[in-house]
Amino acid sequence: MRLIKSYGVAIACWAAVCSAHAAIVITGTRVIYPEGSREVNVRLSNVEARPVLVQAWLDEGNPAASPDEVQVPFVLLPSVFRVEPHRGQSLRIMFTGAELPKDRESVYWLNVLEIPPKPERAEERNLIQLAFRTRIKLFYRPAGLDDDPTAARSQLGWRIVANEGGERVLRVDNPSPYYVSLGSVALEAGGSKTVLRPDMAPPFGHVDLVPDKGRLDAGLPATVSYGVLNDFGTEIKDSAQVGDAKRVRQTAQATGGAGIDVEAAAGAEKITEIQ
């Protein structure tokens with residue numbers, strides 16, 4: 001009987017953790033900061049019936065960096081604030097005028113952390129508290145770039161290569177001045193399909209993609225089906241031959257969803273990174 005009760009308590013605790021969710025919702029899945037803008041605003045909403053204390057900051061791509069360690073060419077206000085139930089708050093982001101590349105985008109990350117309140121009579125209860133942190137990209141876009149960044153997907157090159165560790169990967173070459181965020185990638189060869197972990201290809205650089213599970217065993221010829229996320233977080237579907245930078249066909253099909261990677265950080269913090 002005691003064993004059954006113990007299992008019941010464990011299941012209840014697990015269900016409570018799994019059902020927990022963030023109270024703060026960010027409007028949009030990325031921030032675009034055009035060169036010359038005085039500031040850009042990001043809207044947050046509290047969807048819960050309780051007030052929430054929030055801390056916000058920007059970083060250069062390291063999720064483990066604390067707010068007092070990072071140095072970015074932006075000012076974000078307010079940095080710590082309280083959002084009342086079913087109310088909102090706007091974040092103001094201002095560029096400080098630092099020297100950034102003029103021929104390509106620069107990327108930073110906006111962090112929004114919910115600081116959980118201390119539960120009543122916490123010392124008398126067994127509980128797990130989670131601090132929810134959401135990270136979305138901020139792209140600084142120079143004025144001299146083309147108007148349609150999603151067109152960069154037609155310039156992508158796809159190759160199967162061995163990386164520095166000798167592992168076979170799908171290398172995505174990006175000759176454009178834009179960061180290309182991939183929401184989904186699948187490789188089809190010899191009648192089999194391999195799903196790869198999506199990532200972001202930097203301007204004038206490349207990114208190596210690996211399978212979600214196992215190793216990449218696909219040979220040539222092969223076709224890659226992929227989705228590129230635009231400025232609104234909508235996924236634009238396309239496909240290409242591996243080894244060729246030209247598209248095989250363009251479906252231009254919007255799915256309306258953003259690629260999201262969720263990982264649990266050390267401690268009791270849950271980080272959601274939006275591709």
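Annotations for the structure displayed:
- Residue 58, sole failed condition from (1) part of a loop (DSSP other than H, G, I, E, B); (2) surrounded by 14 or more Cβ atoms within 10 Å (Cβ to Cβ): (1)
- From the list 227, 233, 219, 214, the one residue that fits, being outside the structural domain of residue 30 (by TED's automatic domain parsing), assigned to a loop (DSSP other than H, G, I, E, B) and under 22 Å from residue 32 (Cα atoms), is 233.
- Qualifying positions in the stretch 151-179 - surrounded by 17 or more Cβ atoms within 10 Å (Cβ to Cβ), part of a helix (DSSP H, G or I) and out of contact with any Ser or Thr (no Cβ under 6 Å at 6 or more places or on another chain): 153
Conditions (1) small (Gly, Ala, Ser); (2) touching a strand residue (DSSP E or B) at 6+ places or on another chain (Cβ under 7 Å); (3) modelled with pLDDT of 90 or more; (4) under 21 Å from residue 173 (Cα atoms), marked per residue:
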position: 213; (1), (2), (3), (4): no, no, no, no
position: 240; (1), (2), (3), (4): yes, yes, yes, yes
position: 252; (1), (2), (3), (4): yes, yes, no, yes
position: 256; (1), (2), (3), (4): yes, no, no, no
position: 270; (1), (2), (3), (4): no, yes, no, no
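- Looking at 227, 183, just one residue is in contact with a Leu (Cβ under 6 Å, 6 or more places away or on another chain) and either of a type in the set (Phe, Trp, Tyr) or under 24 Å from residue 31 (Cβ atoms) (or both), and that residue is 183.
- Long-range neighbours under 7 Å by Cβ, at least six apart or interchain, first residue touching a residue at least 40 places away in the same chain (Cβ under 8 Å) and in the same structural domain as residue 133 (by TED's automatic domain parsing) within the stretch 32-55, second surrounded by 13 or more Cβ atoms within 10 Å (Cβ to Cβ) and of a type in the set (Asp, Glu): 32/231; 52/114; 54/114
- The strands (runs of 3 or more DSSP E) located wholly in the stretch 74-117 that include 1 or more residues which are more than 21 Å from the chain's Cα centre (by Cα) and surrounded by 12 or more Cβ atoms within 10 Å (Cβ to Cβ) occupy 74-77, 80-83, 88-95.
The values are calculated or read from the model by the stated rules, or taken from the named source; none is laboratory data. None of the values given here were measured: they were computed from a predicted structure. With ideal geometry, Cβ positions are generated from the backbone for all residues, glycine too; neighbour counts draw on all protein chains shown.
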